[in-house]
């Protein structure tokens, strides 16, 4: 699809990856980029149109769909990434919150904006996923399950929205250099690079973005994940447990 002249809405666009998505769409020639945020005063980037949007509030989603009836690209970016150990005392409550934001919110937004996209020629829907959609690391606790659910949702939407001409793009990446992964050691991917690749995918009509080597390698190993991926995961986890004793 042509990004130039399009109208986009990016959720969680006041900072981090969401802001980079909004910038990349604006710089690629989008006629308008709505920047969704719970606090519109936090949207200060020139050239963006702030729009109040709490992705967990059905009324706010409905209001946004009414206000932004000209949208032709929806980017479901907003998410929570806290690592909650699966056996923690509060794991259930915090896992429910992750599912609320990382799975139910994209589902709700996709439902609200699907008719908008259809009315505007089909357009595109982008879901920000993760390498954790495919790989459960103990250090990430309950988080990967929420991203796995979002990945399967993306696959379903790709089929359901095909007839109305909507391109559905799933974006996968490892750790990004944002506040969400600030405490994670080691190299991280520049979020601007993820945004650049996503805009290129939209222009090319590609349905999936594997933004870094980690995502590409994990995707390639899925056919034998129990043999190729999880032995190393288990060994690293066992070593970490032993070192903590």
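Quick rundown of the values:
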item: Folded to 0 to 90 degrees: helix 143-160 orientation relative to the chain principal axis, Cα; result: 40
item: Rounded tilt (10° steps) of 105-119 against the dominant C-alpha axis of the chain; result: 30
item: Mean residue ellipticity (222 nm) of the chain, computed from DSSP H runs ≥ 4 via -39,500 (n - 2.57), nearest 500; result: -13000 deg cm²/dmol
item: Inverse of mean 1/r across different Cα pairs in the range 118-197, Kirkwood, Å; result: 14.0
item: Residue 200-residue 86 pseudo-label distance in nm [points 7 Å out on the Cα-to-Cβ vector]; result: 3.5
item: Point-to-point label distance, residue 222-residue 241, nm (Cα→Cβ direction, 7 Å offset); result: 2.8
item: Distance (nanometres) between label positions extended 7 Å along Cα→Cβ at residue 63 and residue 160; result: 2.5
item: For the range 72-212, the spread of Cα positions along each principal axis, largest first, Å; result: 47, 31, 21
item: The chain: angle of helix 230-244 to the longest principal axis, Cα-based, in degrees nearest 10; result: 60
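A short reminder: the numbers here are calculations on the coordinates, not readings from a lab. These numbers were taken from a predicted model, which means no experiment stands behind them. Glycine gets a Cβ as well: all are built from the backbone with ideal geometry, and neighbour counts include every protein chain shown.
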